[in-house]
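Asker: Here it is, the structure, as structure tokens.
The values are calculated or read from the model by the stated rules, or taken from the named source; none is laboratory data. What you are looking at is a predicted structure, and each value in this text was computed from that prediction instead of being measured. Using ideal geometry, Cβ is built from the backbone for each residue, glycine included, and neighbour counts are taken over all protein chains shown.
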Amino acid sequence: MSALVIAAGAFSQSEKYVKAMEQQLTGYDTVRNSESLQALANSFERIADAEKTQWLPYYYAALSNVNLGYNYVFSAGPMGGNAEKGDPLADKAELLLNKAEALSKDNSEIFVVRKMIASLRMMGDVMNRYMTQGPAASEALAMAKKLNPDNPRVFMLEGIDQYNTPEQFGGSKTEAKRLLEEALKKYDSYKPETPIHPTWGLNTTQYFLSLTSK
């Protein structure tokens, strides 16, 4: 009897966890403003601290902090800046992501966010950090692709990098379009493990793909 009670309690807790995650993930791919991103980061961290054995809330908390950091660095201009605001968020995201990785090793999605953290740090001070954070970003993305060659977010980030990099430094709008189109194909066939596993990035892919056609 006690085993049944324990099992029922575990199921109830799991159901509560999933519902809490689903509530935060509603419209996640369209959230852009800083206030909402900060609220999401805080909410996911609270869920993570309550669960402690689930990697996804730590992952989403890290991702939300990264996206908030991007808001700050790009508010300084297309070449970035504002490292004093971006760096603490990159540090926070890395701590959270380390907790996620401790619970889920060799995870492509985690390396996607590691790439984004390195890019956030680089964009805080491009001239002084390109030679260190640029390779760190590339290595993380390469690992994400190795772990899951069908991860659409890998191709999305590759395409965005190609779009944003000047041609004299290896960028290409043509290559960006090819990669973003490949990302779209990956999104069409991508099936998340559960409804709360990562699906984000489609809107961003479509946005940058529209820019390559201009």
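Asker: Would you say residue 199 is of a type in the set (S, T, N, Q) and not in a helix (DSSP H, G or I)?
Answerer: On the way: of a type in the set (S, T, N, Q): yes; not in a helix (DSSP H, G or I): yes.
Taking the combined requirement at face value, the residue satisfies it.
Asker: (1) closer than 19 Å to residue 123 by Cα; (2) surrounded by fewer than 13 Cβ atoms within 10 Å (Cβ to Cβ); (3) at pLDDT 90 or above; (4) not hydrophobic (A, V, I, L, M, F, W, C): which one isn't true of residue 30, the others all being true?
Answerer: Checking residue 30 against (1) closer than 19 Å to residue 123 by Cα; (2) surrounded by fewer than 13 Cβ atoms within 10 Å (Cβ to Cβ); (3) at pLDDT 90 or above; (4) not hydrophobic (A, V, I, L, M, F, W, C), the one that fails is (1).
Asker: Something else: Looking for something under 16 Å from the mean Cα position of the chain (by Cα) and among the charged types (D, E, K, R) - is there at least one such residue anywhere in the range 50-59?
Answerer: Checking the range 50-59: not a single residue is under 16 Å from the mean Cα position of the chain (by Cα) and among the charged types (D, E, K, R).
Asker: Would you check if residue 158 is buried (at least 16 other Cβ atoms within 10 Å of the Cβ), modelled with pLDDT of 95 or more and not assigned by TED's automatic domain parsing to the domain that holds residue 114? Write out each step before concluding.
Answerer: Numbers: buried (at least 16 other Cβ atoms within 10 Å of the Cβ): yes; modelled with pLDDT of 95 or more: yes; not assigned by TED's automatic domain parsing to the domain that holds residue 114: yes.
Yes: the conditions hold for residue 158.
Asker: Follow-up question, since we're still on this one. Within the range 84-103, is even one residue among the polar types (S, T, N, Q), out of contact with any Pro (no Cβ under 6 Å at 6 or more places or on another chain) and either more than 24 Å from residue 143 (Cβ to Cβ) or in contact (Cβ under 8 Å) with a residue 24 or more places away in the chain (or both)? Break it down into steps so the answer makes sense when it comes.
Answerer: Residues of the range 84-103 among the polar types (S, T, N, Q): 98.
Cutting the leftovers down to out of contact with any Pro (no Cβ under 6 Å at 6 or more places or on another chain) gives us 98.
Retained after the next criterion (residues that are either more than 24 Å from residue 143 (Cβ to Cβ) or in contact (Cβ under 8 Å) with a residue 24 or more places away in the chain (or both)): none.
Checking the range 84-103: not a single residue is among the polar types (S, T, N, Q), out of contact with any Pro (no Cβ under 6 Å at 6 or more places or on another chain) and either more than 24 Å from residue 143 (Cβ to Cβ) or in contact (Cβ under 8 Å) with a residue 24 or more places away in the chain (or both).
Asker: Test residue 184 against the stated conditions and say whether it is among the aliphatic types (A, V, I, L, M) and touching a Lys or Arg at 6+ places or on another chain (Cβ under 7 Å).
Answerer: Values: among the aliphatic types (A, V, I, L, M): yes; touching a Lys or Arg at 6+ places or on another chain (Cβ under 7 Å): no.
So residue 184 does not fit the description; no.
Asker: Further question: If only one of 62, 48, 83 is in contact with an Asp or Glu (Cβ under 7 Å, 6 or more places away or on another chain) and in the same structural domain as residue 116 (by TED's automatic domain parsing), which one is it?
Answerer: Numbers: 62 fails: in contact with an Asp or Glu (Cβ under 7 Å, 6 or more places away or on another chain); 48 fails: in contact with an Asp or Glu (Cβ under 7 Å, 6 or more places away or on another chain).
Only one candidate qualifies: 83.
Asker: Does at least one position in the range 198-214 carry a residue that is in contact with a helix residue (DSSP H, G or I) (Cβ under 8 Å, 6 or more places away or on another chain) and charged (D, E, K, R)?
Answerer: The answer is no, given that none of the residues of the range 198-214 is in contact with a helix residue (DSSP H, G or I) (Cβ under 8 Å, 6 or more places away or on another chain) and charged (D, E, K, R).
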